[in-house]
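**Student:** Here it is, the structure, as structure tokens.
The values are calculated or read from the model by the stated rules, or taken from the named source; none is laboratory data. Keep in mind it's a predicted model, so treat the numbers as computed, not measured. Here the Cβ positions follow ideal geometry from the backbone for every residue, glycine too, while neighbour counts run over all protein chains shown. Remember, those area values only see protein heavy atoms, side chains included, never the ligands or the DNA or RNA. Shrake-Rupley method; radii C 1.70, N 1.55, O 1.52, S 1.80 Å.
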Amino acid sequence: MFRQVFAVATLAVVTAGCSGGGGSGGASSAAPPNVPGGTPSAGASFAGKPPTGVPTAAINGVHPGTEKASGTDGTWVARTGGAKVALYLYRGAAALNAPRFCSGTIDSAKLLKLTCVDSNRDRTSGHAALGSGGKTLTVSWDGGIKDSFKRK
């Protein structure tokens with residue numbers, strides 16, 4: 001639960017353009033919103049509401065982190081060009097960690113819209129399709145790339 005809440009809080013801040021990375025390309029040392037020191041108790045729960053300070057404005061017509069739960073929610077892993085790639089989806093929020101870092105949204109029609117930190121556009125818009133009883137996810141990107149993920 002903590003990983004999902006932390007991921008949503010991080011995605012919402014990054015997607016809103018408020019990351020504290022300082023342009024160095026490294027991770028920010030800032031604590032997640034409303035989490036003193038960045039370490040919430042193991043039983044922390046936000047009752048379906050985002051933590052204080054997390055933007056709730058619509059992005060791409062989606063309210064990241066506050067949409068209804070979906071079968072696509074979770075961590076998805078694939079091998080692309082020999083590299084391990086992870087796609088994180090949670091209640092409208094989306095992030096891709098490789099081959100570059102991209103974040104954005106996934107809507108109820110499973111349309112992904114991402115923005116990459118290096119302005120690359122290979123994987124910025126695509127459609128996700130669940131398969132194999134919800135254990136696989138295929139993303140067909142508008143540029144012709146197709147990624148096949150397995151639920152982690």
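**Student:** Looking only at the range 97-106, decide whether some residue is touching a residue at least 40 places away in the same chain (Cβ under 8 Å) and of a type in the set (Phe, Trp, Tyr).
**Tutor:** Within the range 97-106 (the criterion being touching a residue at least 40 places away in the same chain (Cβ under 8 Å) and of a type in the set (Phe, Trp, Tyr)), the answer is no, since none of the residues qualifies.
**Student:** Moving on to the next point. Would it be correct to say that ARG151 is open to solvent by 60 Å² or more (accessible area, probe 1.4 Å), touching a residue at least 24 places away in the same chain (Cβ under 8 Å), touching a Pro at 6+ places or on another chain (Cβ under 8 Å) and closer than 24 Å to THR66 by Cβ?
**Tutor:** no
**Student:** Suppose the filter is more than 14 Å from the chain's Cα centre (by Cα) and either open to solvent by less than 70 Å² (accessible area, probe 1.4 Å) or touching a residue at least 12 places away in the same chain (Cβ under 8 Å) (or both); does LYS113 pass it?
**Tutor:** Considered against the rule, which asks whether it is more than 14 Å from the chain's Cα centre (by Cα) and either open to solvent by less than 70 Å² (accessible area, probe 1.4 Å) or touching a residue at least 12 places away in the same chain (Cβ under 8 Å) (or both), LYS113 comes out as no.
**Student:** Which condition number does ILE145 fail, the rest of (1) surrounded by 15 or more Cβ atoms within 10 Å (Cβ to Cβ); (2) among the hydrophobic types (A, V, I, L, M, F, W, C); (3) more than 20 Å from ALA57 (Cα to Cα); (4) touching an Asp or Glu at 6+ places or on another chain (Cβ under 9 Å) being met?
**Tutor:** (1)
**Student:** Taking the range 118-137 as the search range and keeping residues that are under 16 Å from the mean Cα position of the chain (by Cα) and modelled with pLDDT of 95 or more, which one is surrounded by the most Cβ atoms within 10 Å (Cβ to Cβ)?
**Tutor:** Only one residue fits best here, namely LEU137.
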